[in-house]
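**Student:** What follows is a structure written as structure tokens; I'll ask about it next.
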Amino acid sequence: MSSENQQKRRVGLFVDSLMGGGAERVALNFAEKFIELGHDARVFVLHPPIEHQVGNVPIHLVSEHERLADWRPLNKWRYARRIRKLVHDIEADGKRFDFFISNAEDSDRLTRMAGLKPVFIRYRNSLVHFLNAKVGDASGFKRTIRKTRWLNKFRKMYGGHLVTVSKALEDELINTVGLRPASITTIYNPFNFEQLRRLADEPAETPAQPYIIYAARLTPRKRQDLLLRAYALADVSLPLVLLGGVSGPEGVAYETELRKLAAELGIADRVVFEGFHQNPYPWVKKAALFAMSSDSEGLPTVLIESLILGTPVVSTDCPTGPSEILTGELKRFLSPVGDAPALAANIRAALAAYPVIGDEHIERFRSAATIRAYLAHFERLTSR
């Protein structure tokens, strides 16, 4: 069925905040494309901050306050009640929401508590990495108990309609975790190529000389520390730009650690801590290389955006995501997780020679294809 003849849908998209990150940008991409195709799409934001440009996307803020200090049951139910009221007020015009899409962990929990149906939960990150973080350094029986407790919580939370952002994530949930949700399918994140390229052409005060870039929030999961070590080993003349802000005390502490590490490695004069930019795309487009060092991702938005903008990419081969992006002749620019020498070698190789980035590497990520996949999935579920 063509988009012109397809029934127009009302869709609600939930995010925890619109802090400057990839998952938040993806939610806005969803809404923008739904609206462009004639649907009624709205973004529900649990709490501030709102750092992204939202354009013509209707934004409904659930709470004016920063994230609740704790998630005691009473506070969770207050949030859920506010969500129900917002949805009810919008539906007062006589048109109900056809479906909702949740894009972050707190949203996953609260849309369920609010009783919204149907909710497609976009599962975005490796559960193996999540469980390792929760289990910590526990061993033996204690480790088994912790792991079982978290697996049970996970299965309860994610027993509904799941949409994974990579095929590897879907396989992990089914075959490793043993999850049996009501439905599960893989649909890639949406990307508006034309808008992305327009944003990349906006004026920006980027370095005059070529540079390497990593655009991501400064957080241990993104492993900027590994990238600093790889950059030092690569021994290249191009400066390294770390483009991304911090969140909370942990983020501030991690940035301090990174600056100290750069000094210890003797590269502090070549590493630029640029902070958060509302529009990072001119920086990405003008870079000689995008280098990603994460331990865990779902489907890393920044890798796809870099390829769309024609910027060469190297990356760690996280358990899910990068190997579905860097395919064909680009696959050789993947390095093992945590392996600084291998990442350094790929940085040198990519700067020396990189294949032409063609349509075959990026076309499957276009927004229209993603929106059609969601609508088709909804139609299949409602026709059962």
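Bear in mind these aren't lab numbers, they're just calculated from the coordinates by the rules spelled out. It should be emphasised that the depicted structure is a prediction, and the values quoted were computed from it without experimental measurement. Don't worry about glycine lacking a Cβ; one is built from the backbone with ideal geometry, like all the others, and counts go over all protein chains shown.
**Student:** Which pairs break 31 Å Cα to Cα here: Lys167/Lys285; Lys33/Lys167; Lys95/Lys153?
**Tutor:** Going by Cα-Cα distance, Lys95/Lys153 fall outside the 31 Å limit.
**Student:** Check the straight Cα-Cα distances from Lys147 and name the lysines below 23 Å, setting aside those fewer than 8 residues away within the same chain.
**Tutor:** Within reach: Lys134, Lys156.
**Student:** Could you check how many percent of all C-alpha pairs in region 193-364 are farther apart than 25 Å?
**Tutor:** For region 193-364, the fraction of Cα-Cα distances above 25 Å is 25 percent.
**Student:** Calculate, in whole percent, how much of the Cα-Cα pair population of the chain lies beyond 27 Å.
**Tutor:** Taking all Cα-Cα pairs of the chain, the fraction more than 27 Å apart is 51 percent.
**Student:** Could you pull out every one of the aspartates and glutamates with an alpha carbon less than 14 Å from that of Lys331, ignoring same-chain neighbours closer than 8 positions?
**Tutor:** Filter leaves Asp317, Glu360.
**Student:** Still on this structure, I have one more. Which of Thr144, Ser367, Ala349 sits closest to the plus end of the dipole of the chain, meaning its Cα is farthest towards the positive end, when Lys and Arg get +1 and Asp and Glu get -1 on the C-beta?
**Tutor:** Farthest towards the positive end: Thr144.
**Student:** Treating only the Cβ of Lys, Arg, Asp and Glu as charged (+1, +1, -1, -1), what charge dipole size does region 132-279 show about its Cα centre? Round to the nearest 20 debye.
**Tutor:** Roughly 1220 debye, rounded to the nearest 20.
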